[in-house]
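Worksheet: the structure to be examined is printed underneath.
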Amino acid sequence: MKDNGQPVEVGVSQQKEVKVPKHKVWLRNEFVRVGLAESLCTYVMMVFGLGSVAQVVMGEGAFGQYLSINLGFAVGVAMGVHVGGTVSGAHMNAAVSFTMCTFGRLAWRMLPVYVFAQLLGSFLAAGTIFAVYYEAIYDYSGGNLTVTGVKATAGIFATYPAPYLSLFGGFIDQVFGTAMLLLCLMALSDQKNKPAAAGSEPLAVGLLVLLIGISLGSNSGYAINPTRDIAPRVFTAIAGWGADVFRSGNGWWWVPLVAPPIGGVFGAGLYKVFVEMHHQPLPEQGGGLAVDLGDESPPLEKQNNT
């Protein structure tokens, strides 16, 4: 092609500018975005946690011990925080969500979304582990799916009390364990105290779960989480273990459902009364005015959800 007798090359640089569209935000609904993220991070946590229990139970010591379960849940929690932390806050625990609502860090209208998402993620994780270890479970149990006994396998999915533990003792156990969880979570997120360093929140929360497991876990498996326990329990009832999953332990099933929210509010309240309420305002550099840092932003909570 020529222009005024001179050849002209038509290349990429001389073509009409093409506008490349930016990625669209497919999910603008806050409830859907938060629910999907919370479901996925809960699923990740539960797959690693329940999988670690399955290996220990059926491996009979060949594939880990009690510490393996603690590590499995702890690292699973850390991975879950990485998966959903900036979208939903990665609560992965109805007791955490309920406590955040109680202290005004999460809108009450979001609580059903979080609880449903956590139940869904936990239920699907239980189904996944059952499918992955289906043959191992039937080989180990001889095809007899039981809740108690030498070859019991229901404990892979939900928590059950030790033989010596009463319902009252178990209730106190769950209240106290969850109280310690929320007390420390409040401390880790307190920007006026010694919060977890930016970017280290998943590791810090995972280590907290590990600490609770190795210090407070032997009585009843430290569920400290209603949705972590009830969803897999319902799955086992459907999958072949039957109604015994609700009758075992003198009807234990309601304890990890009711006690953790009470413990969560109690533990967070303790931290608030003993520490957070008494923070002194930080002095502004170069003047005598005080700087109010505002509300603390916990790593397991998303401020724009309130």
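Couple of notes before you dig in:
- Long-range tail of P(r) for the stretch 136-268 (Cα pairs > 23 Å, %): 40
- Cα radius of gyration and Dmax for the stretch 29-141 (Å): 15.6, 49
- Förster radius 41 Å - calculated FRET efficiency between residue 141 and residue 192 (Cβ-Cβ, nearest 0.05): 0.20
- Here the scattering of the stretch 30-278 is modelled by Debye summation over its C-alpha atoms, one equal scatterer each and no solvent; at q = 0.09 Å⁻¹ the log10 of I(q)/I(0) is -0.36.
Every number here is computed from the coordinates shown, using simple stated rules; none is lab data. Because the structure is a prediction, the values reported are computed rather than measured. All Cβ positions, glycine included, derive from the backbone under ideal geometry; neighbour counts span all protein chains shown.
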